[in-house]
Amino acid sequence: MSMGRKEDNIRKAQTLMNKPEFIRNIGTAAHIDHGKTTLSDNLIAGAGMMSEELAGKQLVLDYDQQEQARGITINAANASMVHAWKGKEYLINLIDTPGHVDFGGDVTRAMRAIDGCIILTCAVEGVMPQTETVIRQALREKVKPILFINKVDRLINELKVTPQQMQERFTTIINEINEKIRNLLPDSLKEKWALSVEKGTVVFGSAYHNWAISVPYMKKSGITFNDIYQYLKDGKSKELAKKAPLHQVLLDTVITHLPDPLDAQKRRVPIIWKGDQDSALGKAMINCSPDGKTALMVTKIIVDPHAGEVAVGRLFSGKVKKGQELTVIGMPETNRVQNVSLTVGADRIPVEEIRAGNIVAISGLKDAIAGSTVSSDPEMTPFEKIVHYSEPVVTIAVEAKQMKDLPKLVDVLRIIAKADPSIQVEINQETGEHLMSGMGELHLEITVYRIEKEHGVEINTSTPIVVYREAVAKTGGPFEGKSPNKHNRFYIVAESLEPKVLDAIKSGEISAEGTRLKDRKALAKQLENLGMKRDEAKGIEAIHNNNVLLDMTKGIQYLHETMELCKEAFLEAMVQGPLATEKCMGMKVKLVDAKLHEDSIHRGPAQVIPAVRNAIYGAMCQAERILLEPIQKIFINVPQDLMGNAIRDVQQRRGVIDDMKQEGDATIIHARAPVAEMFGFAASVRGATSGRALWNTENAGFERVPRELQPKVVGEIRTRKGLKPEPYDASYYGE
């Protein structure tokens, strides 16, 4: 392959990026190790963006050494390629996403930028838990799926199936995925989007051996299923790849069945943007208009050694030009665009401007983080918050090995938190010890590796600590909190939040974080519909970290001007609970009465905040404080004869087996276990099954720590934080 073809394609890409009807923004999504990156590489090679010999071996998109060493994809990379179909050329922007659950945040963000996705599933392993999660994420964002059944050669060479069994296996996989698709879609799309072999929305093949086939291609080329079976049986996959090249078949399918930005934005904008659809900006986004105001959603930050931070995202309306002033919504100042480029493989091709409907890379947006909304209109309603299915549950303390690296470490941690919002960083300038929280052991291991290798800062890390939450089992209060000068008294009741309300806050359906509530009436109505009593819903004052503050008082003088301080106290109490100074979760805090001093000088912050905080703590003590611990779902696929060992390992970790099913000679175990007990699980499950278990985990929220363990766990957390091991009781807060 000459270099000429690549240059030629880059030139074509620069022309096509101005014609949205010839653009397809797509992604790959699948379970770990089902072959996404190999697939993406072979597509890029087939489209002439890198040499075909290296494809699948070179892993263009895994350009991070860490990824190549571990053989997994961590960063969602992106690449554009040109493909001709029926005499016309198309620009296909492809985003490769990670399948490992610790990087689920990247998958959700990548879904924002694309309109269609190729769901990969392995012909041998079938539909795995992670496959289900990515389908759910895609459909929630109204991203249209097609299916690629990969590793078909393994069915024939390893499992020795007959042609009949091969087809049955395919039917099972397609039906299982279709059932999930139909369950998740509104009626208007159910049949339109369901996968069908006849229509051509299912493709079979091998990413590694570079061949693929679909029914339309069979009709066009005269190849049949039996021919394919024969080729593979005789070990002639190279010849098959010449007759039915992967990129040809799959990219034809993408162009035929996945929507262009003009069509997709009509459907997607109302879901991902809750602003006024009839406003000029709303219309510009729905119509993908290059003449509207600029509206861009950042889905990823790449740190480039030469260009600094590069924001990659999807442009929904308007244009982005070099030198343009844009606002990252929520930030006070504008940022000037330094460079605009299209990303082709690992190369960024600079262009003067890019129009709506494209995936763009921009340097100069210093305020942007992954998930930011960027616009030429500072008043723009931001895109919907990207909701992650899980929150960080494991924390490590990080310190620079050399004192001189301290300032650099702070910068690096800030960049890491920008680039991966599922990492949370707490920077403590005084002690120099910084806390970094992630989704699990692997997530943190890789982030530590990045800090040392990519950013060149050597660090010491503590053993991982699990993050707990505090809540209550019953109702407590009214508890009286007195201000230090004894002139103000607040009466608080503490109880659990209704489960439906809690879920709605977690999923982002109720989005009113912080203390400024926009539309109280609508919010009260929403809360009432979810099962909160009407008089309580009307009193909503603040929502913070899955907790709510309600004002249930009637006509108390001066309360209105004191409310901000009450909210402040509520936020403080929710960040550090009374049991082990961990965050609270699912709490309903009700102010039921108050007695206030008439002179505002006697009810300043130093009086009100401690009084309200003590009242909340006291009420929580009376309501029986409970500790919640993060739980992980565990999926293990293990040969039947080793099943007992795997189950024993899970049960020794306080694990519960939820479900077991047989598939051939393998057992698939679904279990749940506390994150605190899961450290070192990788090594022990490998040992117990001589390395023959495939397993992965997924965060599954928080559950109550068993009653008999709670005092011990609370004691350990408090001791670690330098507090006395016994938590205070209610009388301490009422003095």
Dimensionless Rg/Rh of the range 291-363, both radii on Cα and Rh by Kirkwood, sits at 0.93
Within the range 111-230: Cβ-based charge dipole about Cα centre, in debye rounded to nearest 20 (Lys, Arg +1; Asp, Glu -1): 320
Would you tell me the accessible area of HIS487, worked out with a 1.4 angstrom probe on the heavy atoms of the protein chains, in Å² to the nearest 10? 90
Orientation-averaged projected area, Cα convex hull of the range 240-318 (nm²): 8.2
Tell me which of PRO270, GLY531, SER80 sits at the most positive position along the dipole axis of the chain, charges placed on C-beta atoms (Lys, Arg +1; Asp, Glu -1). PRO270
I'd like the orientation of helix 710-720 relative to the chain: the angle between its Cα long axis and the longest Cα principal axis, in ° from 0 to 90, rounded to 10. 90
Per 5 Å bin, what percent of the C-alpha pairs of the range 635-735 does each bin hold, from zero upward? 2, 11, 18, 18, 13, 10, 8, 7, 5, 3, 2, 1, 0, 0
What number results when the radius of gyration of the range 209-358, computed over Cα atoms, is divided by 2.2 N^0.38 Å? 1.45
Under the helix-only model (-39500 (n - 2.57) for each DSSP H run of 4 or more, divided by the residues of the chain), the mean residue ellipticity at 222 nm, to 500 deg cm²/dmol, is -10500 deg cm²/dmol
Please state the shape class of the range 247-289: rounded when a/c is under 1.5, otherwise prolate if a/b exceeds b/c and oblate if not, all from the C-alpha gyration tensor. prolate
Semi-axes a, b, c in Å (a largest) for the range 527-623, each sqrt of 5 times a Cα gyration tensor eigenvalue, come to 21, 18, 11
Let a ≥ b ≥ c be the square roots of the eigenvalues of the Cα gyration tensor of the range 202-281; is it rounded (a/c under 1.5), or, if not, prolate (a/b larger than b/c) or oblate? prolate
Can you tell me the dipole magnitude for the range 188-234 around its Cα centre, using point charges on the Cβ only (Lys, Arg +1; Asp, Glu -1), in Debye to the nearest 20? 200
What's the center-to-center distance, using Cα atoms, between the range 427-483 and the range 614-658 in Å? 20
Show me the three semi-axes of the equivalent ellipsoid for the range 558-701, from the C-alpha gyration tensor (sqrt of 5 times each eigenvalue), largest first, rounded to whole Å. 52, 12, 11
Over all directions, average the projected area of the Cα convex hull of the range 456-606 and note it in nm². 12.4
On C-alpha positions alone, give me the angle between the axis of helix 36-46 and the longest principal axis of the chain, in degrees, nearest 10. 40
Quick one: helix 559-575 against the long Cα principal axis of the chain, what's the angle to the nearest 10°, folded into 0 to 90? 60
Just to be sure I understand the curve: with the Debye formula and one point per C-alpha of the chain, what is log10 I(q)/I(0) at q = 0.07, 0.10 Å⁻¹? -0.55, -1.09
Return a single number: how many Lys pairs in the range 563-696, at a sequence separation of 8 or more or on separate chains, have alpha-carbon atoms below 17 angstrom apart. 5
Per residue value of the accessible surface for the chain (all protein chains in place, 1.4 Å probe), Å²: 42
Convex hull (Cα only) mean projected area of the range 273-322, reported in nm² to one decimal: 4.0
With the dipole of the chain defined by +1 on each Lys or Arg Cβ and -1 on each Asp or Glu Cβ, the option from ALA138, LEU502, GLY456 whose Cα lies farthest towards the positive pole is ALA138
Straight-line reach check, LYS238, cutoff 26 Å on alpha carbons, 8 or more apart in-chain or any other chain, hits among lysines -> LYS6, LYS36, LYS57, LYS86, LYS151, LYS160, LYS219, LYS220
Putting +1 on Lys and Arg Cβ atoms and -1 on Asp and Glu Cβ atoms, find which of ILE543, ILE354, MET128 reaches farthest to the positive end of the dipole of the chain. ILE354
Whenever you get a sec, compute what percent of the accessible area on the chain sits on carbon and sulfur atoms (1.4 Å probe). 50
Using Cα positions and a limit of under 19 Å, work out the aspartates and glutamates in reach of LYS401, with same-chain residues fewer than 8 apart set aside. ASP411, GLU426, GLU430, GLU433, GLU445, GLU452, GLU454, GLU458
Note down, for the range 163-219, the three equivalent ellipsoid semi-axes (square root of 5 times each alpha carbon gyration tensor eigenvalue), biggest first, whole angstrom. 23, 14, 11
Check: the chain dipole with +1 on Lys, Arg Cβ and -1 on Asp, Glu Cβ, in debye: 1220
Over what distance in Å are the Cα centres of the range 244-297 and the range 565-591 separated? 42
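The values are calculated or read from the model by the stated rules, or taken from the named source; none is laboratory data. Predicted model, so just to flag it, every value in this text is computed and none were measured. Note that each Cβ is placed from the backbone with ideal geometry, even for glycine, and that neighbours are counted across all protein chains shown. For the accessible areas, the whole protein counts, side chains as well, though only heavy atoms, and no ligand, DNA or RNA atoms are used. Shrake-Rupley method; radii C 1.70, N 1.55, O 1.52, S 1.80 Å.
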